[in-house]
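Below is one structure; the comments refer to it alone.
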Amino acid sequence: MFAVAAAAFGPGAILGVFTLRHASESGRWLSLALSDAFVSQLLLTLQVSALSAAVSLAGAIPLALALERYAIRGRLALEVMILSPLLFAPYTAAGAWVNILQFRFVDGAVAMAVQVGLASLPIAYLILRIALARLPLAYEEAARVCGHSAASAFFRVRLKLLTGPIAAGALFSAARAFGDYGCAARNGLNTFGVSFKQIWAGSHSDAVGAALAAMSAIPGLVFAVLCLVLWRRFVPQQPPDLLRAQAALSRLAPPWGITLGAWALAGLVFVLGFLVPEAWYVSHALDIRAPALLKVFDVALETFVNCLAVCAVLSLFAAVSVLAIRPGEAGLRASGSFWLLSANLFFPPMAFALAWVVASGDGSVGARLLGSWRDGPLLVIAAQCVKFAPFILLPVMDTLLREPPSARDTLQLYAPGVASRVWHTLRFHMPAIALGAALVFVESMKELELASTLQPFDFEAVSLKIHTLARFQAEQRIAPWALISQVMALPAIGVLLWRLRRDAAPPDRAFRGLQPAT
Amino acid sequence: MLSAVLKTNWARLAMASASLCAALSAEAAELRVLTDRTDDGPIRAVLEAFEKESGAQVKVVFIDQGLLARMSSRPSEADVVITLEVGLLEQAKRRGLLSPMSPKALQAVPPEFRDPDGTYFVDAYRARAIIASRSRVAPDAIQSYEDLAKPQWKGKLCIRSGLHDYNIALFDQFIASWGEDKARAVIGGMAANLARAPKGNDREQAAGIAQGVCDLALINSYYYPKMLASPAQKPWADAIQVIFPDQSGRGTFIMRSGVAITKVASNRELAERLAAFLVTPKVQASMVERTPQYSVLPSVPAHPSMIAVGKGQGLKDGRFKIQWVDLGRMASSREAAIKIVNEVGFDKGPAS
């Protein structure tokens, strides 16, 4: 819990302390920053965040409901289409759209919200789809028996039970829009992220950066605490017998309207979030020369290794967490506090990076702890781990809530030895860890600001190459970098699809075949 | 036998020592460069050429944000800093992060492009130029930055955010050169003439003119040749004329790229060699061809497309008259510039 608290509040605290240490300078700049223009930019950013969350949920909720409840033909193809926007960083897709539409229709809050909302939609879909697979229909059916209409039962029971997952889906989308810089810059929108960079770079003052960043932590913390409250209030712990009953249910044959609607919506997500930018980049990839390709593979390998390291560290952390936290009410409290980590997602990424720069400065505690490791890729990996921890901890939280409280006691009785107990516990949580690790891998591949600001000497990453070319509007030359990052992300997308297909597995699967300990 | 073994071991020890010495000397010949210039520009090629010439190993970080923050936090990290905004070096100098270079390293740089204390120098520059619609604006209708604030251009001006580094650097120069009152009037007048809320980068302002959104904009001069060279952006370049402001008056304000050596440079001699290498005619010519900025060396001609642009204004060899602003004064007026931008509601757009 100490590590979680340090990761959740550390960056904000570092920036806060830095701001106070330079109080006179920070105060002067803060009064400037709190001008009308800045406040209106902050409000604009909140508006874009809310719109992005709305776009993600507007696509994810109906698709998750339809695919969970009905046996729609072509389910695999549909889910591939829904997950496809994950293959693009919002700033990369936005770059293609800007070029395709020649700056027409791509500026403004709605355009950016659609871009970010589509990029985050797959994450919201994954969360909701898995939550729905576990949702006990018995409550809704009981409401119907008690006289509620289908709509009333749906809104008052099912949606209420989905409050936590919906909040999680909204969180990832809203946080991405709030902290975004790259997409906003391409959509020509002066959001908080853009203003932050401009005023920080324009003032040449770290105190300004720290002061604004410390301020930006406030909405993040408010949202994270709100999510935490919702999570604790509305997420039920399911008795395993209900889960078993749910798993036994077979999906219904869909009315044609549902099939058509699901295909149309998934098609729209696929075309806008993937196909059009993909076609644009593929058409430009045809001009690539062989020597350029060699360079691409070289950088891609370095990126792959670093992303894998982020994945491995967070998977290990998730594994240790599930072993350390007991399921049940205490587990709910402990796991819920992971929501606080999501506050980091709301930092403008450059501000988050600044916290790490300050924390690893010459003579700092961070620098002393890291030693010569500071000057390698370790710091980038560590910072990305903190940033992306919510992506792996959310599915793990979910399985901790679903784990039968008596399961560990059963293992104590029947599993021979600690290793066996660890193995069976991890086996139960492994699909969730794999899902989180796959998401972390995909997001780490697209991560830009931390890699840019904390990079050691001679460090290369695909996202940096994309950004370098985008800075000079050479989007045509981005093609090989965008495509190689997609190829590297494909196995992770495969893991996500596999996870979606096995989500209805009964929870006691991990405990099968156990013999009483002698 | 024993002596043979000893001989062999001594030989091994000697070889190991030699290898160690070689390794140490190789390590000593390493140079660490921190830059906010793009990895896609000429810098990487220049550094590779320097590696070949000097035999040293150059390690580089291309960082486009938080360069000063990183220098301040880790002052011992780099030997050489190369930046696209020399104002940043003035700030670094004030924080005591840089050290003066020897006269030998600076000898090729014309005095007007050197810091008076020799702490940094400008290795290239570009104009903050006005662009105007070829079809809708008469060639002599706009002569100066002040003209952009005239009421006749209401609703005609496109520009990127007033808080962007390029515009802050320009407004700094307004303040340093004209005083705060006149600068406020001109910046306020420009804000009143905006066609849309400031957005996008420099090239998007040219696109705005090509699409008829506005008639005037401000961009860095090197974007014009870059747009000409891009098939997708050539229509934007064809739709605009580039104007170097105040050529009959005090001259055009410029943006300056710069080079400096850090206080803790572990290999000063090598760092100074790199600094001097960056202002050799060959490297400068390559920089003009690829970026395409203006060289600080009078002997290196301007980019051909800039020469062609200059001809329209009667400029010789594409070189324009520069309005010089002392970097020390600029750095002091930065806060005032940001304050004015906020006070006039520059980024709010036409409604303000």
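Being within 14 Å of another protein chain (Cβ to nearest Cβ) and among the polar types (S, T, N, Q) is the filter here; which residues of segment A:365-413 pass it?
Of everything in segment A:365-413, just one residue is within 14 Å of another protein chain (Cβ to nearest Cβ) and among the polar types (S, T, N, Q), namely A:SER372.
Which of the residues belonging to segment A:440-479 are within 21 Å of the chain's Cα centre (by Cα) and farther than 23 Å from A:VAL310 by Cβ?
Passing the criteria: none in range.
Checking B:SER161 against (1) within 22 Å of the chain's Cα centre (by Cα); (2) within 14 Å of chain A (Cβ to nearest Cβ); (3) under 23 Å from A:GLN476 (Cα atoms); (4) not basic (Lys, Arg): exactly one of these is not met. Which one?
The single condition B:SER161 does not satisfy is (3).
Cβ-Cβ distance below 8 Å, separation of 6 or more or different chains: which pairs start in segment B:225-252 with a residue that is of a type in the set (Asp, Glu) and end on one that is assigned to a strand (DSSP E or B)?
From segment B:225-252, the pairs are B:ASP246/B:THR252.
Within segment A:179-200, how many residues turn out to be open to solvent by 20 Å² or more (accessible area, probe 1.4 Å), more than 7 Å from chain B (Cβ to nearest Cβ) and not hydrophobic (A, V, I, L, M, F, W, C)?
Counting residues in segment A:179-200 that are open to solvent by 20 Å² or more (accessible area, probe 1.4 Å), more than 7 Å from chain B (Cβ to nearest Cβ) and not hydrophobic (A, V, I, L, M, F, W, C) gives 2.
Give segment A:355-383 a look and list any residue that's part of a helix (DSSP H, G or I) and out of contact with any helix residue (DSSP H, G or I) (no Cβ under 9 Å at 6 or more places or on another chain), or say none.
Those that are part of a helix (DSSP H, G or I) and out of contact with any helix residue (DSSP H, G or I) (no Cβ under 9 Å at 6 or more places or on another chain): A:ARG368, A:LEU369, A:GLY371, A:SER372, A:ASP375.
Go through A:ARG156, A:ARG134 for me and flag whichever is at pLDDT below 85 and over 26 Å from the mean Cα position of the chain (by Cα).
A:ARG156
So which helices (runs of 4 or more DSSP H) stay within segment B:142-253 end to end and still have 1 or more residues that are under 27 Å from A:TYR181 (Cβ atoms) and in contact with a Cys (Cβ under 7 Å, 6 or more places away or on another chain)?
B:202-210
What about B:ASP115, is it of a type in the set (D, E, K, R), farther than 28 Å from B:ALA210 by Cβ, buried (at least 18 other Cβ atoms within 10 Å of the Cβ) and away from chain A (no Cβ under 14 Å)?
Against the criterion (of a type in the set (D, E, K, R), farther than 28 Å from B:ALA210 by Cβ, buried (at least 18 other Cβ atoms within 10 Å of the Cβ) and away from chain A (no Cβ under 14 Å)), B:ASP115 qualifies.
Just one of the numbered conditions (1) surrounded by fewer than 22 Cβ atoms within 10 Å (Cβ to Cβ); (2) within 14 Å of chain A (Cβ to nearest Cβ); (3) in contact (Cβ under 8 Å) with a residue 24 or more places away in the chain; (4) not basic (Lys, Arg) is not true of B:TRP324; which one?
Just one mismatch for B:TRP324, condition (2).
Quick check, is B:GLY318 more than 12 Å from chain A (Cβ to nearest Cβ) and not acidic (Asp, Glu)?
Yes: the conditions hold for B:GLY318.
If a residue counts only when it is facing another protein chain (nearest Cβ under 9 Å) and either modelled with pLDDT under 90 or over 20 Å from A:ALA207 (Cβ atoms) (or both), which strands (runs of 3 or more DSSP E) contained entirely in segment B:17-98 have at least 1 such residues?
Output list reads B:30-35, B:57-62.
If I filter segment A:336-365 down to residues being surrounded by fewer than 24 Cβ atoms within 10 Å (Cβ to Cβ) and at pLDDT below 85, which single residue comes out as nearest to the chain's Cα centre (by Cα)?
A:LEU345
Does at least one position in segment B:107-114 carry a residue that is in a strand (DSSP E or B) and under 23 Å from the mean Cα position of the chain (by Cα)?
Checked segment B:107-114: at least one residue is in a strand (DSSP E or B) and under 23 Å from the mean Cα position of the chain (by Cα).
Please find, among A:ALA175, A:ALA210, A:ALA151, A:ALA143, the residue that is surrounded by 23 or more Cβ atoms within 10 Å (Cβ to Cβ) and either within 24 Å of A:ASP398 (Cα to Cα) or away from chain B (no Cβ under 14 Å) (or both).
Criteria check complete, one pass: A:ALA175.
For residues in segment A:434-465 being under 19 Å from A:ALA482 (Cβ atoms) and outside any helix (DSSP H, G or I), which is farthest from the other protein chains (Cβ to nearest Cβ)?
A:GLU447
Report yes if B:GLU335 is of a type outside the set (S, T, N, Q), within 14 Å of another protein chain (Cβ to nearest Cβ) and either open to solvent by less than 20 Å² (accessible area, probe 1.4 Å) or closer than 29 Å to B:CYS214 by Cα (or both), otherwise no.
Spelling it out, it is not the case that B:GLU335 is of a type outside the set (S, T, N, Q), within 14 Å of another protein chain (Cβ to nearest Cβ) and either open to solvent by less than 20 Å² (accessible area, probe 1.4 Å) or closer than 29 Å to B:CYS214 by Cα (or both).
Out of B:ALA206, B:ALA176, B:ALA197, which single residue is within 11 Å of chain A (Cβ to nearest Cβ) and crowded, with 23+ Cβ neighbours inside 10 Å?
Among B:ALA206, B:ALA176, B:ALA197, only B:ALA206 is within 11 Å of chain A (Cβ to nearest Cβ) and crowded, with 23+ Cβ neighbours inside 10 Å.
The values are calculated or read from the model by the stated rules, or taken from the named source; none is laboratory data. The shown structure was predicted, so the numbers you read here are calculated from the model rather than taken from an experiment. Because the Cβ atoms are built from the backbone with ideal geometry, glycine has one as well, and the counts that use them run over all protein chains shown. When the accessible area is computed, the model is the full protein with side chains, heavy atoms only, and any ligands, DNA or RNA have been set aside. Shrake-Rupley method; radii C 1.70, N 1.55, O 1.52, S 1.80 Å.
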